[in-house]
Amino acid sequence: MNAEIIAVGSELLTPFRMDTNSLFLTEQMNRLGVEVLFKSVVGDDFKRLVAAAQHALFRSEIVIFSGGLGPTEDDLTREAVAEALGVALQRDESVLAGIVQRFATRGWKMSPNNGKQADVLEGATVLPNPNGTAPGQWLNGKFDDRERIVVLLPGPPHELKPLFETECRDRLRAALPPAFLATRVLKVAMLGESAVDARVAPIYKRFGEVQTTILAGAGEIQLHFKSRAATRDAAQAHVDEAADAVEEELDDAVYSRNGESLEQIVGYWLQMRNATLAVAESCTGGLLGERMTSVGGSSRYFAGGAIVYSNSIKSELAGVPADMIERHGAVSRDVAAALAEGIRYRCEATFGIGITGIAGPSGGTPEKPVGLVYHALASDRGTDVIERNFPGDRKRIRWYATTQALDMLRKKLM
């Protein structure tokens, strides 16, 4: 069975509110072996809500609505779903009594419009909501001779999540045929999306029972594999077979098989090698250090570092000769190497990383454009330097630069 989620609320169509409920609901449905095929956000407009509900009921076996169950004039989910299903709304006196009691317990007077929260779809089961006044509703039956499950949930996440867990999960499990959805994610560093797909598309296309999705980020590609089967072992076997074949093709470009971040993987390798790291950052402004220390226990392998933004601080904290900066410029291969070597020496670390570049939006020249970054990695075996030209805005260039530096270190440690 497949599902569809409709988030209701005009506020979700503004820049100020995000629909996070659908992420939670998708995760829960996947755990039940149900794939979510459609998601939509609809404003508080009756005709549009009715149309969205009708489309969903036509194409999806399970339709979950979140939001629009409150007491105000623009809370229209109950009315719109009733119209789409062709059923009546009936006021449930026991639900109404519970709402009245909830207000009385707090010493508040209930305004008449709260009564609409007790309106229940004909044939629906009321789902108690101990964290709010609007209960959920569960309805299963035929719509245009198609079996459907319709669920109405309140919009506030602190109400929706516990209500789903206590009232919906077991009902869905009992109504669903046995099915399991298995997933796996491979993470790849510093390869382009088109380059990755060109290499692996001929491989993953061989596995028809596995859905493969490629997601691109700054310096990272994620390959998501998903498969559904009657047993958990069968679903996982399908996913693993496809993912293993793709990983064999990409080799050491794959840095994570179980969802770890690149900084976590680097931390694992440093601990395995009983090694430490120090960093000297110019254009990344401490982002590399922040990423390293975002991992719990990083004090075991991260010695520290310096943000060496000005030329004088490059010399003072990382020991870069002033005449070197004068000759080659702060953004240069030589200065990057000196930063890595100097910070390694000052912090007595196994490895030193130096980063210097032009993050923009200004400061570029024809010879040294915005996006030019030098990354250096120093150890007792010498110093390696990589020159890259990254696309994008300042934030994206800085993230690319730290990802490149981490991947350099990862490959050195392997």
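Filter the range 152-184 down to residues that are closer than 17 Å to Ser22 by Cα and basic (Lys, Arg) and give me whichever is nearest to the chain's Cα centre (by Cα).
Lys161
Being in a strand (DSSP E or B), open to solvent by less than 20 Å² (accessible area, probe 1.4 Å) and touching a residue at least 24 places away in the same chain (Cβ under 8 Å) is true for just one of Val126, Val36, Val63, Val41. Which residue is that?
Residue meeting the stated conditions: Val63.
Of (1) at pLDDT 95 or above; (2) surrounded by fewer than 21 Cβ atoms within 10 Å (Cβ to Cβ); (3) small (Gly, Ala, Ser), Ala216 satisfies all except one. Which?
Here Ala216 clears every test but (1).
With respect to the numbered conditions (1) part of a helix (DSSP H, G or I); (2) among the hydroxyl-bearing types (Ser, Thr, Tyr); (3) farther than 23 Å from Leu191 by Cα, which one is the sole condition not fulfilled by Tyr400?
(3)
If I ask for residues that are touching a Leu at 6+ places or on another chain (Cβ under 6 Å) and either in a strand (DSSP E or B) or closer than 18 Å to Met29 by Cα (or both), which ones from the range 104-123 would you list?
Those that are touching a Leu at 6+ places or on another chain (Cβ under 6 Å) and either in a strand (DSSP E or B) or closer than 18 Å to Met29 by Cα (or both): Asp119, Leu121.
If a residue counts only when it is farther than 28 Å from Asp380 by Cβ, which helices (runs of 4 or more DSSP H) contained entirely in the range 200-318 have at least 1 such residues?
It comes to 232-250, 311-318.
Looking at the range 105-123, which of its residues are farther than 21 Å from Val63 by Cβ and open to solvent by less than 60 Å² (accessible area, probe 1.4 Å)?
Here is the first cut: in the range 105-123, the ones farther than 21 Å from Val63 by Cβ are 105-116, 118.
Met110, Ser111, Asn114, Gly115, Lys116, Ala118 - these are the residues of the range 105-123 that are farther than 21 Å from Val63 by Cβ and open to solvent by less than 60 Å² (accessible area, probe 1.4 Å).
Only one of (1) closer than 23 Å to Leu49 by Cβ; (2) out of contact with any Pro (no Cβ under 8 Å at 6 or more places or on another chain); (3) among the aliphatic types (A, V, I, L, M) is not met by Val126, so which one is it?
Exception for Val126: condition (2).
Search the range 154-202 for residues being closer than 30 Å to Glu387 by Cα and of a type in the set (Gly, Ala, Ser), and hand back the single one that is surrounded by the most Cβ atoms within 10 Å (Cβ to Cβ).
Ala189
Taking the options Val100, Val81, name whichever one is assigned to a helix (DSSP H, G or I), touching a residue at least 40 places away in the same chain (Cβ under 8 Å) and β-branched (Val, Ile, Thr). Talk me through it step by step, then tell me what you get.
Details: Val100 fails: touching a residue at least 40 places away in the same chain (Cβ under 8 Å).
From the options Val100, Val81, the qualifying one is Val81.
The values are calculated or read from the model by the stated rules, or taken from the named source; none is laboratory data. Computed from a prediction, not measured in an experiment: that's the story for all the values here. Please note: Cβ atoms are built from the backbone with ideal geometry, for glycine as well, and neighbour counts cover all protein chains shown. Just the protein is used for accessible areas: all its heavy atoms, side chains included, with ligands, DNA and RNA removed. Shrake-Rupley method; radii C 1.70, N 1.55, O 1.52, S 1.80 Å.
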